[in-house]
Amino acid sequence: MTAPGNTSAAVRQQRHEAHDSLDDFPTPPWATRALCETIRNKGLLPPLASAEDPAANRGHMHKVLAEYFADARGADVFDYGAGFPVRDYLLGPPPLDVTWMITNPPFKLGEAFIHRGLSHARHVAVFVRSAFCEGEGRHARLFADNPPSLELQFCERVVLWKGLCLDPDVPVTRWNDKKQAFVTEKPTSATAYSWLIWGAGKPGRTLKEWIAPGTRARLTRPGDYPPLPPELLPRPIEQEGALL
C-alpha cells in the first residue's frame, strides 16, 4: 500500500507554498510563550496591554496571548472553525489601535503584514523563517529604513507542519516511500525560525538574542496540543503490501 509523501521528513516539512496558499502552518504554543516571556521581562507588557493576531488560524497563538494580555484579539482571512472573525487584514478597514500586533503571517505577505502592523500598533512581532531576513529586495523595502529593534533566534527547532499543531515529543506514523512502509517517528522540521520585533529598543538598531535550549520543555503546558488525527496514529502491521 502506498501513500503520498517524501522519504525525508526534513525535506517534507520545508515551507514551499503556492502563491495563493493560506500558508497554514500553526504556531506551537511554547514558541509564542517564549516571545511573551521575553517582552514581559523587558518591561514591554504593561498591565492593560492589548494584542491582536490578524492571522489567528486555529487559535494556538491567540490562546497564549490571552494568558499574557488583558485584551487579546484575533481574526483571519479564512474560517478555520475557531470562531474568529473572518477579515482580510491587508485589504479591510483600518485596524483598531493596539499595544502589540503579534502574528505568524503568510510568508509571502510578511512584509505587508509588518507595514500594516506598524500603522496601528505600538509594537509589532512576527514569527518568521529565519531566512526572511535574507534578500536585497526585502532589505531595500523593509529593513534598510526600518529594521526590527530585536531579533529572537530559536536555538531549538520549532516544529511546524502544514495544517497541524504537533507535540514534537509524540511520535507520528507516516508513509515512507523509500522504505515502502509506514514509519513511526517524532515530528521534525528542516526550517529555522525567529521572532522579529519592532518597538522594543532604539530605532535603527537591531539587537539579536537567542531563545535558549530547554525553552520548549519549560514553556510547554498540558493541553497545548490537540489529539493526533487518525491518519497519524500507528497503523496495523503490514504484510506483502496489504494492511491486515
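The values are calculated or read from the model by the stated rules, or taken from the named source; none is laboratory data. Quick caveat, the model's predicted, so the values are computed rather than measured. Note: ideal-geometry Cβ built from the backbone for every residue, glycine included; neighbour counts use all protein chains shown. Note: areas computed on protein heavy atoms with side chains; ligands, DNA, RNA excluded. Shrake-Rupley method; radii C 1.70, N 1.55, O 1.52, S 1.80 Å.
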Inset, instruction - Note down all Cβ pairs under 6 Å where the first residue falls in the stretch 131-145 and is more than 16 Å from residue 195 (Cβ to Cβ), the second is exposed (fewer than 10 other Cβ atoms within 10 Å of the Cβ) and at pLDDT 95 or above, and they're at least six residues apart or on different chains. - result: none
Inset, instruction - Could you name every one of the strands (runs of 3 or more DSSP E) located completely within the stretch 27-112 that has at least 1 residues being out of contact with any Pro (no Cβ under 8 Å at 6 or more places or on another chain), open to solvent by less than 50 Å² (accessible area, probe 1.4 Å) and touching a residue at least 24 places away in the same chain (Cβ under 8 Å)? - result: 50-53, 98-103
Legend entry - Matching residues, the stretch 139-162, being within 20 Å of residue 113 (Cβ to Cβ), open to solvent by 20 Å² or more (accessible area, probe 1.4 Å) and part of a loop (DSSP other than H, G, I, E, B): 144, 145, 146, 147, 162
Legend entry - the stretch 122-131, residues that are among the small types (Gly, Ala, Ser) and either open to solvent by less than 10 Å² (accessible area, probe 1.4 Å) or in a loop (DSSP other than H, G, I, E, B) (or both): 125
